[in-house]
Amino acid sequence: MVAEVAAPPSRRETRALLARAGRLQADAETIVGALEAARAEVVAAYEVASEPQVWDAVGKMSIETVKDTVDGRARLDELPAHGIRSVADVLEAGPERLKRVPGIGEVAARKTMHAAEQLKRAARDSLQFRIAFDPKNAELTRLVRSLAVYGLVWDAAGKYEGQAKKLAGELGTQRPIAAPAEAGRLRRMFMRAGDKAVADEAAQQVRALVEGADGLSEAADQVRAIRKPKDKQVWRDFERRSAEYYGLLGQVVGLGGDVAASEGFLPADIVERVGAQKLDTSRLDAGLRLRGYQSFGARFALVQRRVVLGDEMGLGKTVQAIAAMAHLAARGATHFLVVCPASVLINWAREVDKHSSIPVVSLHGSGRARAIARWRTGGGVGVVTFGSLGALQLPPPRPAMLVVDEAHYVKNPGAQRSQAVNRVAAESERVLFLTGTPMENRIDEFRALIDHLRPEIAGEMGREHAAISVEAFRRAAAPVYLRRNQSDVLTELPELVQVDEWEEFGREDGAAYREAVRDGNFMAMRRAAFAVHRAQDSAKLTRLLELAREAMANGRKVVVFSYFRDVLTAVSTSLGTDARGPITGSTPVADRQRIVDEFTAAKRPGVLVCQIEAAGVGVNIQAASVVILCEPQVKPSIEAQAIARAHRMGQVRTVQVHRLLIADSVDERMIELLGSKAQLFDAYVRHSTIAQASPGAVDMSEVQLARMIVAQEQQRLAV
């Protein structure tokens, strides 16, 4: 039987193909051009906006700095007497004015200028640039606007950039070669066989390029639809999402900072190996912009395979773990496992779902057996509590990466959960322990953690490493331990980092909530998560204690806000001697300030407990850099004012805001309703005269909100 030979495409089909290829080439060029133009504008705007900060830096460099750089024979001692006291003064003076200073000739003036210019370049290269919130500053406004536009273009088409460059180049080459393939039959009869074959082959290559370009044209249409945002819009957006703007800026220009600190002061050989590791981000959400230190942390986990990531709280350990898992998933890995306290299980599920395309399965609760079966069969990120880990009966499947959050929970080798983690770690290809609790002075605890990962390293670590110095400890732990501090890697400090801490009700607090819903008691519903006799029976209180203790272990002071006095009583009781206050509506104003002053002056970190409407205004709490909100507020303006007590002028640390929220509860209903209200607020009245005069004027009615939520929850729970 003779095999059938596919008929060559008709002239009409070839013409349609080349026309489609032409449109696709234009789309590819649109994407490439838009991204290049957006980056170029960011670079140009940054150069202008950063110049005053560079000049400020060289203005602080004394003339002695120039002397150290110039040939020692140059006589520069007379410069201060002639008003030239800094590197900036040298640059502004220029060579002609320098030559008028006694003892400085043409050669010395030229060398002095050259030294000053070198110092200015060094200042620019090492600049820790910050964007001051100053909508009236034209240079900063241009930069913020350029970053907003770049972010829009990147979100629309960033993931297609490499493909677009390839298509624009190859279609530009192949389309002209393929053009004769659409010639009529008569013309093709007179074409040389070789030319015809070349044209047909080029047409096939064009077809392959066109058929492999799914989504690119839609991305180009989104890019064309982008309109330059208004200045007020970009400043409002920057105010809400400044970290993302710095992430965009870091993609385009260097932001200075201590490179060695961002790499955890690791030895050069480890840094070199990590630097050589490419990070595949194709399974990460396009809106996630990893900071440089976060990319380094994910690659460290991939290269070193079994490690502890001990970054200070607020640096995004969760995101780094997700990035490492996403890289492995992009390379074909299927099963991952996250072990964490019950208080953060739902938060992990939400973060994985938000930042990656990896399926996430909660291996906890009443449907645990079915969930485990689904995870075993379909793969993804399984999220399990320490208590439920033993029920998984691993292997199989063998996790490509085991992530253990709050890893200091397994520091006791004799505990059942430690032994369960150890069994799973032994079967996992890679293991990543996460803990924000510093370990430098707890060598026995740290060694117990390392024993899960690299027993040979744990066996070689002794108390003498910690006794000598932190540096000696880190050298011994370098193959397995990476820690960075906020002040080292977040060069734009201070900023506001906001985290929603989603929890789930347990038996006791869940029962209190259902009773409040049945009674139609809105206020009781809002504080039901704390209506328990023991801290361990409250998911919110458990998480609050974890956050507060970790913050204090890192030398940070904490302020806790709640609307309800009985919630504050439960928090204060659970914190014991670490609690300060409380400040409530019945606390006299003078006493409020005294409590704050004592909290500020205290050398030991503590937790200031405050009723939100009492301490949310009129009291400055810059000493605290961690804010914990026990429940959503009916008026968003009250929450904003409370946060502003710590996030204000004089604050030198990043302010971390943790909102304690319960999924499928009054909290989630309030976030949904007030979130839509906030969008209307932003879109229409934020800058109106009424809004400026009274931020609460546009907040949703408390009575209306309560009735709506109570009705929704009674219907959902069928009570």
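The values are calculated or read from the model by the stated rules, or taken from the named source; none is laboratory data. Here the structure is a predicted model, which is why all the values come from computation and not from measurement. A quick note on method: Cβ atoms are made from the backbone with ideal geometry, for glycine too, and the neighbour counts reach across all protein chains shown.
Would you be able to say whether some residue in segment 573-583 is within 29 Å of Ala663 (Cβ to Cβ) and of a type in the set (A, V, I, L, M)?
Yes, that holds for at least one residue.
Pull out all pairs, ordered by first then second residue, where Cβ-Cβ is under 6 Å, the residues are six or more apart or on different chains, the first lies in segment 228-242 and is under 22 Å from Gln498 (Cα atoms) and not assigned by TED's automatic domain parsing to the domain that holds Ala34, and the second is among the basic types (Lys, Arg) and modelled with pLDDT under 90.
Taking only residues 6 or more apart or on different chains, not a single pair turns up.
Taking segment 559-594, which residues are more than 30 Å from Met525 (Cβ to Cβ) and either not small (Gly, Ala, Ser) or not assigned by TED's automatic domain parsing to the domain that holds Gln622 (or both)?
Thr577, Pro588, Val589, Asp591, Gln593, Arg594 - these are the residues of segment 559-594 that are more than 30 Å from Met525 (Cβ to Cβ) and either not small (Gly, Ala, Ser) or not assigned by TED's automatic domain parsing to the domain that holds Gln622 (or both).
Does segment 529-544 include one or more residues that are in a strand (DSSP E or B) and at pLDDT 90 or above?
no
Considering Thr65, Thr69, Thr30, which residue is of a type in the set (S, T, N, Q) and within 23 Å of Ala213 (Cβ to Cβ)?
Thr30
Checking the structure you have, find out if any residue of segment 539-546 is of a type in the set (A, V, I, L, M), free of Cβ contacts under 8 Å to residues at least 40 places away in the same chain and buried (at least 19 other Cβ atoms within 10 Å of the Cβ).
Yes: one or more hits.
When residues of segment 660-709 are filtered for being modelled with pLDDT under 50, assigned to a helix (DSSP H, G or I) and of a type in the set (S, T, N, Q), how many remain?
Residues that pass the stated criteria total 4.
Considering Ser418, Ser428, which residue is at pLDDT 75 or above, surrounded by 18 or more Cβ atoms within 10 Å (Cβ to Cβ), in contact with a helix residue (DSSP H, G or I) (Cβ under 6 Å, 6 or more places away or on another chain) and not assigned by TED's automatic domain parsing to the domain that holds Ala706?
Ser418
For segment 549-566, which residues satisfy the criterion of being part of a helix (DSSP H, G or I) and in contact with a Pro (Cβ under 9 Å, 6 or more places away or on another chain)?
Ala551, Met552, Ala553, Arg565
For segment 3-34, how many residues are at pLDDT 85 or above and touching a Gly at 6+ places or on another chain (Cβ under 7 Å)?
Here the count works out to 1.
Scan segment 135-159 for residues that are closer than 30 Å to Gln205 by Cα and buried (at least 24 other Cβ atoms within 10 Å of the Cβ) and jot them down.
If the condition is that a residue be closer than 30 Å to Gln205 by Cα and buried (at least 24 other Cβ atoms within 10 Å of the Cβ), then Ala157 is the only one that fits.
Note down all Cβ pairs under 8 Å where the first residue falls in segment 335-355 and is within 19 Å of Asn422 (Cβ to Cβ), the second is polar (S, T, N, Q), and they're at least six residues apart or on different chains.
Listed by first residue and then by second, the contacts come to Leu337/Ser428; Val339/Thr385; Cys340/Thr385; Pro341/Thr385; Pro341/Thr542.
Can you list the strands (runs of 3 or more DSSP E) found entirely within segment 567-639 that contain at least 3 residues being in contact with a helix residue (DSSP H, G or I) (Cβ under 7 Å, 6 or more places away or on another chain) and either modelled with pLDDT of 95 or more or of a type in the set (A, V, I, L, M) (or both)?
607-611, 624-629
Condition test on Gln712, is it over 27 Å from Asp237 (Cα atoms) and at pLDDT 80 or above?
The answer is yes for Gln712.
Since Thr569 meets every condition but one in (1) more than 20 Å from Ile662 (Cβ to Cβ); (2) surrounded by fewer than 23 Cβ atoms within 10 Å (Cβ to Cβ), which condition does it not meet?
Among (1) more than 20 Å from Ile662 (Cβ to Cβ); (2) surrounded by fewer than 23 Cβ atoms within 10 Å (Cβ to Cβ), Thr569 violates only (1).
What helices (runs of 4 or more DSSP H) lie completely within segment 203-309 and have 2 or more residues being farther than 21 Å from Ala132 by Cα?
By residue number, 216-225, 259-262, 268-276, 292-304.
Give me the residue from segment 117-141 that is within 22 Å of the chain's Cα centre (by Cα) and not aromatic (Phe, Trp, Tyr) and, out of that set, farthest from Ser262 (Cα to Cα).
Step by step, filter segment 117-141, then rank; the result is Ala132.
Scan segment 292-303 residue by residue and report those that are in contact with a Gly (Cβ under 7 Å, 6 or more places away or on another chain) and surrounded by 23 or more Cβ atoms within 10 Å (Cβ to Cβ).
Result: Gln294, single match.
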